[in-house]
1. Roughly how many nanometres apart are two label points built 7 Å out from the Cα toward the Cβ at residue 185 and residue 53?
2. Under a crude label model (7 Å from the Cα following the beta-carbon direction), how far is residue 302 from residue 104 in nanometres?
3. Within 10 Å of each residue's Cβ, count the other Cβ atoms and sort 24, 202, 318 from fewest upward.
4. If you take the square roots of the eigenvalues of the alpha-carbon gyration tensor of the chain and sort them as a ≥ b ≥ c, do you get rounded (a/c under 1.5), prolate (a/b over b/c) or oblate?
5. If each residue's Cβ is checked for other Cβ atoms within 10 Å, how do 315, 262 rank with the fewest at the top?
6. Based only on other Cβ atoms within 10 Å, what is the fewest-to-most ordering of 253, 45?
7. Express the relative contact order of the chain as a whole percentage, based on alpha carbon pairs under 8 Å and six or more residues apart in sequence.
Ligand SMILES: Nc1ncnc2c1ncn2[C@@H]1O[C@H](COP(=O)(O)OP(=O)(O)OP(=O)(O)O)[C@@H](O)[C@H]1O
Ligand SMILES: [Mg+2]
């Protein structure tokens, strides 16, 4: 059964399609009256197809020749484009104008098996997610990255300053989004104490990946596991269910602040393993940030989780260290 939100969005798609049809009719009326040549061409197509239909009805033994019809339509379209161009109109003036050419604004793609189109998945995520934390992306992205917020003092155990280190991270992640989605390592794990710019860089990635046309769900670990818990124990809202589905649908799942979720014995560890494993099997990207040290991660989650997370074949680990820039700003 379709939930209220999904129904609501599909109704919007329907309205968009109706509006597009109306606009197309409007353009048709306009050019048909301006260019009689074109009107004649359309009429000739209609009468020749009507004639065909009539002879098929009268002689049921005749085979309908679809290929021939398609060729005829194609030829007329070519002629139409020629007439339009000759008269100063765009060649595609009489073609439907879809906002999403992939699904033609139906929300679904595929013939035999219908799957949600990326545009529908992203809409569901955005509508649901008050929790998706995507509202900050105009402020926190690769263009607004400001190296000067980081102190230019050497980091312990490194020959770089904190600022240089962050510039290096930015450059690594810039390359990552350029290669996206074909990166050999699909997981990113950001580790470091509070106020070091982890969420900011996750936002940079989220924006870049959305701009490339892929879907992103960014959610705090706390909210994620609240929703999963509620939907597992029957008190889930439609929102919880959509989040539960989106976790596996989206191209990139970003879990911010792993470790801040409510501890519920095995529940969290099992769910997290399920997410990481399923997304690994589907070769989808999962980015996580945490304030926990590697040893804490081992203690808090199961071995199955940490062996997925620490698998260097599939996970790139990025360590953040230095001074908390929130405190620095206050000084
Ligand atoms: N590269 C940057 N350019 C400009 N501002 C930044 C940058 N990195 C971080 N900030 C700002 O510094 C503050 C702290 O950064 P951020 O929230 O990313 O830290 P964090 O590592 O995620 O901390 P926490 O672990 O507490 O979540 C935020 O207000 C953020 O906007
Ligand atoms: Mg953060």
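Values in this text are rule-based calculations from the coordinates and carry no lab data. Keep in mind it's a predicted model, so treat the numbers as computed, not measured. Quick reminder, even Gly has a Cβ in these numbers, built from the backbone with ideal geometry, and neighbours come from all protein chains shown.
1. Each label point is offset 7 Å from its Cα along the Cβ direction, giving 6.1 nm.
2. My value for the distance between the label points is 4.6 nm.
3. Starting with the residue having the fewest Cβ neighbours, the order is 24, 318, 202.
4. Prolate, because a/c is 1.5 or more and a/b exceeds b/c.
5. Ordered by Cβ neighbours within 10 Å, fewest first: 262, 315.
6. Details: 253 24, 45 18.
Fewest-to-most ranking of 253, 45: 45, 253.
7. Numbers: 389 pairs, mean separation 61.5, N = 331.
RCO, the chain: 19 percent.
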